[in-house]
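The values are calculated or read from the model by the stated rules, or taken from the named source; none is laboratory data. The structure displayed is predicted, hence computed values, not measured ones. Using ideal geometry, Cβ is built from the backbone for each residue, glycine included, and neighbour counts are taken over all protein chains shown.
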Amino acid sequence: MKICFQRLIAVSVCFLLFFLGSNYSKAETVAPITLNPKDVETFTNKVIPEKMKKENAAGVALVVVKDNQILFQKGFGFSDKEKNTPIDPKKTVFRLASISKVFTASAVMQLVEQGKIDLNKDIVNYMGGLKYQNNMSEPVTMEHLLTHTTGFDYVDPRPEDIHYQDNDYTMLKDYVEDNMPTVVRKPGDTYTYDNFASMLQGYIVQNLTNTPFYKYMAKNVFYPLEMHNSSFVMTNFIKEKLATGYDAKGNAIPFYQTRPTDMPQGSMFSTGSDVANFMIAQLNDGKFKNNQILQKETVEDMQKTKFALHPKYPNMTYGFEFFSPQSHNGQYVFGKGGNIPGFSSLMWLIPEHKIGVFVVTNKDSSALPVEVFDDFMNHYFPDKTKPEYLNPNEEELKKFEGVYRDLRLKNLMSHVNISEGKLYVSDKAYGKQELKQIDPLLFEDEKGNYMAFKLHKDGTVKEMIHWNSGSSAVKLSEPERFKDVDENHPYAKFINPLHQYEVLQANKEGNFTPESSLTRAEFAYWLSQIAYFTPPSKKNQCFLM
């Protein structure tokens, strides 16, 4: 067996979303709200410094828009601690990471308006000869790409997609062709936060317009929105204004590039003021000043819930995502979060009130933007409706029992079981928690997180979503036991779970052969399956050692 020796990559998925879901329907009533520059400044001057101290964040930029204008914007701290360069929301450039995705989705919707894309047509028609392997009978459509319901086998970037070589330019088409995933689940059936889906959106825009993606965005999105400090590729102009990113310990992160260089799902650079212009357009029927980047009907459609595992736990619009139901305080809120080495950000929109907020920090994997969101909602929309709990019997709860495996973080297992007539969930993140039933398929755990289940046509429950809103989790079937590993085997308690988790497979005779030797390559493969390492490029298949 050939082994390719590379550096050991001990990396899991770079970005665990902080959120769960959101209310599916809009709030029944829209209460009046007082939002003025003075009050926002008072709120911000109190909250931001507290969060920065707690997070050891170097700098923060915050922008609030209301109606068709910037209501308030301010910078805190430094874009470069060594030089004492202050954050300026008008000038300081940040890496937006996954917030890039909503801009890419907007470009797709422009082509939908022009009749160049049919949301329900197989994307292979728009890929310029590139093809994807589909193990299902249903094709992947643009709607599936926009809602992250493609059914792809892997969806996240590779660790080596962050690199430190300035002269290493990777073309978008080349990256897509070399790393095309395979469809292994029915498209449109399950939700998994999907970086590759957003990359394909950008590639399709590039292919259909015969224009490099970053140039299309500059001309058709950034220019009409007067986003003069924004780009999907690094330029000298952007680099001069780019804030220094810092890690969790406050150390400066060296300057880096991405693969592909022009990355639709995450390479966007921008300022607070520029992002504000985009939010204004989204809140005003696609119009910024005298420029219309999307038609009113398109914006309305883009902001509707397009995929929801449960009505009270929706997942996606076209490009935007939903946050935790308990944090919305009865409002219809959606947005987008972003994390990339050295930067964390969050954008959220409340269209009924024409409010948009963007907060970004040059701190790695920071919870600061999420905490600011929670404080903002509790300050300006303090009313919360507490759920009423049902009292199901044990027979009604049996269908929920089982082991559920996260489709994105495949080493995340949730065990749902009944004990003394009550339903419990346990996982490595939060331990064991009681679940209280809110409606037939919706529960609340002890920390207030919602857990929603999906009932299939045959009456069985095979899917759920809990605190990791970035992916559904599917119930694992009970496999036939290995013939040579009985209950009394000394390692049965380790071998059998890995068999159910689909890490270990039986041979043709149904045996595991626990006494046989194991090669380093086989061991490395098992580790990669447990940790869900993304496989290397299809041009360089090898084992990671």
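Residues of the range 137-162 being of a type in the set (F, W, Y) and in a strand (DSSP E or B), which ones? The answer is F152, and nothing else.
If the condition is being outside any strand (DSSP E or B), within 15 Å of Y191 (Cα to Cα) and either under 15 Å from the mean Cα position of the chain (by Cα) or modelled with pLDDT of 95 or more (or both), then the range 299-319 contributes T305, K306, T317, Y318, G319.
This table checks each residue for (1) under 19 Å from the mean Cα position of the chain (by Cα); (2) closer than 14 Å to V102 by Cα.
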| position | (1), (2) |
| --- | --- |
| T192 | yes, no |
| M199 | yes, yes |
| M217 | no, yes |
| V221 | no, yes |
| N229 | no, no |
| K239 | no, no |
| A248 | no, no |
| F255 | no, no |
| P260 | yes, no |
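Just one of the listed residues (V93, V47, V63) is over 28 Å from Y332 (Cα atoms) and aliphatic (A, V, I, L, M), namely V93. Can you pull out the residues in the range 184-238 that are of a type in the set (D, E, K, R) and either more than 18 Å from M263 (Cα to Cα) or assigned to a loop (DSSP other than H, G, I, E, B) (or both)? Within the range 184-238, R185, K186, D189, D194, E226 qualify. In a residue-by-residue description of the range 255-273, the property of being more than 22 Å from D194 (Cβ to Cβ), in contact with a His (Cβ under 7 Å, 6 or more places away or on another chain) and touching a residue at least 40 places away in the same chain (Cβ under 8 Å) applies to at least one position. If only one of V64, V47 is touching a strand residue (DSSP E or B) at 6+ places or on another chain (Cβ under 7 Å), within 27 Å of L35 (Cα to Cα) and modelled with pLDDT of 95 or more, which one is it? Being touching a strand residue (DSSP E or B) at 6+ places or on another chain (Cβ under 7 Å), within 27 Å of L35 (Cα to Cα) and modelled with pLDDT of 95 or more holds for just one of V64, V47, which is V64. For the range 258-298, the candidate set comprises residues that are outside any loop (DSSP other than H, G, I, E, B) and of a type in the set (A, V, I, L, M); within that set, the residue that is surrounded by the fewest Cβ atoms within 10 Å (Cβ to Cβ) is I280. Screening the candidates N135, N179 for the property of being in contact (Cβ under 8 Å) with a residue 12 or more places away in the chain, assigned by TED's automatic domain parsing to the domain that holds E240 and surrounded by 14 or more Cβ atoms within 10 Å (Cβ to Cβ) yields one hit, N179. Residues that are in the same structural domain as F255 (by TED's automatic domain parsing), of a type in the set (S, T, Y) and over 18 Å from K306 (Cα atoms): does the range 122-129 have at least one? Yes: the range 122-129 contains one or more residues that are in the same structural domain as F255 (by TED's automatic domain parsing), of a type in the set (S, T, Y) and over 18 Å from K306 (Cα atoms).
Could you please let me know if K215 is free of Cβ contacts under 8 Å to residues at least 24 places away in the same chain, closer than 23 Å to K90 by Cα, surrounded by fewer than 24 Cβ atoms within 10 Å (Cβ to Cβ) and basic (K, R)?
yes
A367 meets the stated requirement of being of a type in the set (G, A, S) and under 16 Å from the mean Cα position of the chain (by Cα).
Among the conditions (1) modelled with pLDDT of 95 or more; (2) outside any strand (DSSP E or B), K410 misses just one, which is (1). Hey, could you check the range 448-462 for residues that are over 22 Å from the mean Cα position of the chain (by Cα) and not in a strand (DSSP E or B) and say which is nearest to P311 (Cα to Cα)? Among those that are over 22 Å from the mean Cα position of the chain (by Cα) and not in a strand (DSSP E or B), it is H456.
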